[in-house]
Amino acid sequence: MKGETSPMELPDRFWAKTQIEDRGYETPCRVWTGYVTPKGYGRYQHEGRLQYAHRVAYEAEFGPIPEEVDGDRAVIDHKCRVRSCVNTAHMEVVTNRENVLRGDTAMATNAAKTHCANGHEFTGENTGRTARGHRVCLTCADAHREARNAARREERAAKPPKSPKTQCKHGHELTTENTYVGPRGRECRICRRAADERRRSRKRKS
């Protein structure tokens, strides 16, 4: 019968790496005793490559796991919450989002929230996403942006105005008679005449 803990069409060496344990779910788990990843999933060399043991067991009984469900990435959810379990009766193909919401993790807790920390509802119009896919309350984001801009305006207003330069970089006084406005702002006429004279001198020599 599908989903029972009895071996399916897989090599004996696969089932030799499992043992039946009662982990508190409706029926006993078949726990993987071979290599287990740091995240708790069993790994098994199958068809020339290293695969997740629970996915190998599922596909042996039910066939290929679909790539998507309802437009979202399809994953295998362990209903028993034992990641190393290869009992197919404890598995269900769900969307990645559904799998996250079912998990007992901080990510699941955050994903289940309907309001932000300031009480604004996560509606379609009030929800944005960061580059990493995290939800953002747009009302809070707008308020934060406005507060930041207001602080910058106050900071600029508090700064004393810059005193106008009274001399050019060569020490000539920038009087009304010795100043003209060029493309780079106020410029010294004495320096400009000296620069023009140098250019004319170079042309004569050439």
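Of all residues in region 26-48, exactly one satisfies the criterion of being touching a residue at least 24 places away in the same chain (Cβ under 8 Å), of a type in the set (D, E, K, R) and surrounded by 15 or more Cβ atoms within 10 Å (Cβ to Cβ), namely ARG30.
Taking the listed residues TYR52, TYR25, TYR44, TYR58, the one that is farther than 20 Å from ARG102 by Cβ and of a type in the set (Ser, Thr, Tyr) is TYR44, with no other qualifying.
ARG152: more than 30 Å from TRP32 (Cβ to Cβ), at pLDDT below 85 and not polar (S, T, N, Q), yes or no?
Here the answer is no, as ARG152 does not meet what is asked.
What do you reckon, is THR176 within 30 Å of ASN99 (Cα to Cα), loosely packed, with under 10 Cβ neighbours inside 10 Å and of a type in the set (Ser, Thr, Tyr)? So THR176 fails the test.
Here VAL93 meets the list (1) farther than 30 Å from CYS137 by Cα; (2) in contact (Cβ under 8 Å) with a residue 24 or more places away in the chain; (3) surrounded by fewer than 18 Cβ atoms within 10 Å (Cβ to Cβ); (4) out of contact with any strand residue (DSSP E or B) (no Cβ under 7 Å at 6 or more places or on another chain) almost entirely, failing just condition (4). Test HIS120 against the stated conditions and say whether it is under 20 Å from VAL31 (Cα atoms), modelled with pLDDT of 85 or more and not aliphatic (A, V, I, L, M). Answer is no for this residue. Could you tell me which of the residues THR139, THR176 is of a type in the set (S, T, N, Q) and in a loop (DSSP other than H, G, I, E, B)? It is THR176.
The values are calculated or read from the model by the stated rules, or taken from the named source; none is laboratory data. Quick caveat, the model's predicted, so the values are computed rather than measured. Cβ atoms come from the backbone with ideal geometry, glycine included; neighbour counts cover every protein chain shown.
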